[in-house]
Number of protein chains: 2
Amino acid sequence: MDQSLWTARPKPDRVEWLERRIEFDDYASNRDFLDRLNDFCEAQGRYPDISFGRTYVNITLRPEGEEASIGEADHAFAAAIDGLL
Amino acid sequence: MDQSLWTARPKPDRVEWLERRIEFDDYASNRDFLDRLNDFCEAQGRYPDISFGRTYVNITLRPEGEEASIGEADHAFAAAIDGLL
């Protein structure tokens with residue numbers, strides 16, 4: 001079979017990652033949140049991609065391991081991060 | 001004069017930003033560096049764009065204020081960050 005005739009296409013309803021951008025009024029509250037976020041990730045042993053500047057944080061959460069899409073555990077992890085705010 | 005006839009073009013030798021990627025063996029040393037980096041940025045009152053995951057940090061340093069390109073002060077700031085490693 002000639003595999004090049006086929007295009008891999010994800011299901012349209014598949015969620016491949018979760019991301020959230022959070023804005024802060026000042027660096028102090030941003031840093032405070034970052035510290036809590038890092039503590040939490042360390043405790044959970046799960047490390048999303050995080051980017052930040054003086055007054056913002058972006059968090060990108062991808063599925064772990066072999067899973068191709070975001071599931072319940074990922075939504076629970078995301079909700080727990082919301083709870084850190 | 002029809003300004004649309006003109007294309008803005010930076011000098012080829014102009015450095016518009018500095019960036020560095022640093023890899024770590026484990027999260028503990030990454031976190032340790034991030035804490036020192038954040039303390040340093042706070043002390044300097046200057047906040048580069050930083051992104052990180054479990055074992056990497058990316059730092060992007062753009063010119064401050066009206067300056068269009070990277071100068072001596074920016075290189076000094078970058079070197080000071082190297083010193084935190």
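The values are calculated or read from the model by the stated rules, or taken from the named source; none is laboratory data. Note that this is a predicted model, so its numbers are computed, not measured. FYI the Cβ positions are ideal-geometry reconstructions off the backbone, even for glycines, and counts take in every protein chain you see.
Structural remarks
- Candidates are the residues of the stretch A:6-24 that are modelled with pLDDT of 75 or more and of a type outside the set (Val, Ile, Thr); the one that is surrounded by the most Cβ atoms within 10 Å (Cβ to Cβ) is A:Phe24.
- Failed criterion for B:Ile81 (all others in (1) within 14 Å of another protein chain (Cβ to nearest Cβ); (2) touching a residue at least 60 places away in the same chain (Cβ under 8 Å) hold): (1)
- Checked against (1) surrounded by fewer than 14 Cβ atoms within 10 Å (Cβ to Cβ); (2) within 9 Å of chain B (Cβ to nearest Cβ), A:Ala43 passes all but condition (2).
- Selection count where residues are under 30 Å from B:Tyr27 (Cβ atoms), of a type outside the set (Val, Ile, Thr) and in contact (Cβ under 8 Å) with a residue 24 or more places away in the chain, scope the stretch B:50-78: 9
- Of residues in the stretch A:46-76 being away from chain B (no Cβ under 11 Å) and buried (at least 18 other Cβ atoms within 10 Å of the Cβ), the one farthest from the chain's Cα centre (by Cα): A:Ile70
- Screening A:Tyr47 with (1) touching a helix residue (DSSP H, G or I) at 6+ places or on another chain (Cβ under 8 Å); (2) free of Cβ contacts under 8 Å to residues at least 12 places away in the same chain; (3) part of a helix (DSSP H, G or I) gives one miss only, at (3).
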